[in-house]
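Report on the structure given below.
The values are calculated or read from the model by the stated rules, or taken from the named source; none is laboratory data. What you see is a predicted model, and the numbers here were worked out from it, not measured in a lab. Here the Cβ is made from the backbone with ideal geometry for all residues, glycine too, and neighbour counts use every protein chain on show.
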Amino acid sequence: MGVVFPHVSSRVEAEAAVSISKYPPQGKRSMTGQLPQFCMVPQTAPRVTGPSNDIGSTVFVMIETREGIDNLDDIASVKGVDVLLVGANDLSVELGMPADFENQTFQAALERVSDACKKHHKIMGLGGIYDRPELQKWAIDKLGVGFMLCQQDAGLITKGAKQCIESLKALQKSG
């Protein structure tokens, strides 16, 4: 349960993400007493705010720009930011090496994200590098990635559709 904020490039943007995602005193999210994590049963404000801020409103800030890389320490130091999620495709384009995930400059940028996450006790996330197990393993083992988007919905649907078509073609050939 959380919110993903794309293209976060500064401390101010990270603070704004926290502000609209967390209840007071961490943020300015409007109060409600009926939430799915409480089975939609009305609750008092004190019962809602603590657990929701702690485990029910994860703030993912996406690092996808050169400016975001330059401001990593400021972004990662924001209280209430839980995950720094690298958008690999957008970041690689921004760095001038579209989808060249093995490029030293790209990997050095990911290492900087990893260092900021470790320093500020944040989770490092990675998205956009799909069907590349050797890079995913590197990200987990070397960078300490704790959250990974391993595929996107369109990719999963397309893969399933291709399998269905191949099964039908095989049936057609055998019949």
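Values as computed for the structure displayed
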item	result
Matching helices (runs of 4 or more DSSP H) fully within the range 97-175 where at least 2 residues are of a type in the set (A, V, I, L, M)	104-120, 153-174
Which numbered condition R29 fails, given (1) out of contact with any Lys or Arg (no Cβ under 7 Å at 6 or more places or on another chain); (2) surrounded by fewer than 21 Cβ atoms within 10 Å (Cβ to Cβ); (3) without any contact (Cβ under 8 Å) to a residue 60 or more places away in the chain; (4) farther than 20 Å from W138 by Cβ	(1)
Every residue from the range 1-25 that is surrounded by fewer than 17 Cβ atoms within 10 Å (Cβ to Cβ), among the β-branched types (V, I, T) and part of a strand (DSSP E or B)	V3
Count of residues meeting criterion [over 17 Å from the mean Cα position of the chain (by Cα) and surrounded by 12 or more Cβ atoms within 10 Å (Cβ to Cβ)] in the range 136-146	2
Candidate set: the range 26-82, residues that are out of contact with any Asp or Glu (no Cβ under 6 Å at 6 or more places or on another chain), part of a loop (DSSP other than H, G, I, E, B) and among the hydrophobic types (A, V, I, L, M, F, W, C); chosen: the one modelled with the highest pLDDT	V81
Pair list, Cβ under 7 Å, 6 or more apart: the range 44-60 residue closer than 21 Å to L84 by Cβ, other residue of a type in the set (G, A, S) and surrounded by fewer than 20 Cβ atoms within 10 Å (Cβ to Cβ)	S57/G2; T58/G2; V59/G2; V59/G80; F60/G2
Top-ranked residue of the range 83-96 - restricted to ones that are of a type outside the set (D, E), assigned to a helix (DSSP H, G or I) and buried (at least 16 other Cβ atoms within 10 Å of the Cβ), ranked as farthest from the chain's Cα centre (by Cα)	S92
Residue count, the range 95-125 (criterion: closer than 24 Å to V59 by Cβ and out of contact with any Leu (no Cβ under 7 Å at 6 or more places or on another chain))	6
Any hit, the range 81-88, residues being of a type in the set (G, A, S) and touching a residue at least 60 places away in the same chain (Cβ under 8 Å)	yes
Breaking point among (1) more than 18 Å from I140 (Cα to Cα); (2) surrounded by 16 or more Cβ atoms within 10 Å (Cβ to Cβ); (3) free of Cβ contacts under 8 Å to residues at least 40 places away in the same chain; (4) not aromatic (F, W, Y), for S114	(1)
Residue in the range 9-24 that is nearest to the chain's Cα centre (by Cα), counting only those that are closer than 13 Å to T58 by Cα and not aliphatic (A, V, I, L, M)	S21
